[in-house]
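Reading through the structure tokens given below for one structure.
The values are calculated or read from the model by the stated rules, or taken from the named source; none is laboratory data. Only a predicted model underlies this, so the values are computations on that prediction, with no experimental measurement involved. Positions of Cβ are backbone-derived with ideal geometry, glycine not excepted, and every protein chain shown enters the neighbour counts.
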Amino acid sequence: MDGGAGLSAEQQRARADVAGYLARLTDLTAFEPNPLIWEPYSYAALAVYSIPVDPGSTDTTEVQPNRVAWPWGDLATLGEAVAPEGYRRVVVTGEELKALQALLPRATQITQWESGGREYRVLFRPLLPDEAA
């Protein structure tokens, strides 16, 4: 922004008022009198989306993905096919979730998961309390 050059005093005051209002809207503590307590979300179900890695693709980056063995089942058939094309989705709960959670600290966004002799890109999304597994 130009800092108000070319604006009347009234326009500059209006701009300052709007800036103050926007700052207040983005401050979570502005509308809550009690201190906010931040804690990790404890989820009971995890949606897992997987897609096979194209074996013919070439990686042009210097950073190479680590590989982690998928703990159970074959990602080629696990769960159900979902959009976009090529993806599968399975919801993990209970003991399977605990086993998977133990592996997640080893994973990054570029980790490739090995399953059934293939490598997969896997995305994870915790289910919220109102979502059905």
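Going residue by residue through region 92-99, is there one that turns out to be assigned by TED's automatic domain parsing to the domain that holds ILE51 and in a strand (DSSP E or B)? Yes, because at least one residue in region 92-99 is assigned by TED's automatic domain parsing to the domain that holds ILE51 and in a strand (DSSP E or B). Within region 50-72, the residues that satisfy the criterion of being small (Gly, Ala, Ser) and either out of contact with any Asp or Glu (no Cβ under 9 Å at 6 or more places or on another chain) or outside the structural domain of GLY116 (by TED's automatic domain parsing) (or both) are SER50, GLY56, SER57.
Determine, yes or no, whether GLY73 is touching a strand residue (DSSP E or B) at 6+ places or on another chain (Cβ under 8 Å), farther than 21 Å from PRO105 by Cα and surrounded by 13 or more Cβ atoms within 10 Å (Cβ to Cβ). Taking the combined requirement at face value, the residue does not satisfy it.
Per-residue answers, yes or no, for (1) over 14 Å from GLN112 (Cα atoms); (2) of a type outside the set (Ser, Thr, Tyr); (3) surrounded by 11 or more Cβ atoms within 10 Å (Cβ to Cβ):
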| position | (1), (2), (3) |
| --- | --- |
| ARG13 | yes, yes, yes |
| ALA19 | yes, yes, yes |
| ASP27 | yes, yes, no |
| ALA30 | yes, yes, no |
| ILE37 | yes, yes, no |
| SER42 | yes, no, no |
| PRO52 | no, yes, yes |
| VAL68 | no, yes, yes |
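Among the residues of region 115-133, those that are more than 18 Å from LEU75 (Cβ to Cβ) and over 14 Å from the mean Cα position of the chain (by Cα) comprise PRO129, ASP130, GLU131, ALA132, ALA133.
Determine which member of the set PRO84, PRO65 is under 21 Å from the mean Cα position of the chain (by Cα) and either in contact (Cβ under 8 Å) with a residue 12 or more places away in the chain or part of a helix (DSSP H, G or I) (or both).
Details: PRO84 fails: either in contact (Cβ under 8 Å) with a residue 12 or more places away in the chain or part of a helix (DSSP H, G or I) (or both).
Testing whether each residue is under 21 Å from the mean Cα position of the chain (by Cα) and either in contact (Cβ under 8 Å) with a residue 12 or more places away in the chain or part of a helix (DSSP H, G or I) (or both) leaves just PRO65.
Residue by residue, here is whether (1) β-branched (Val, Ile, Thr); (2) modelled with pLDDT of 95 or more; (3) under 21 Å from the mean Cα position of the chain (by Cα) holds:
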| position | (1), (2), (3) |
| --- | --- |
| ASP54 | no, no, no |
| THR58 | yes, no, no |
| TRP72 | no, no, no |
| TRP113 | no, yes, yes |
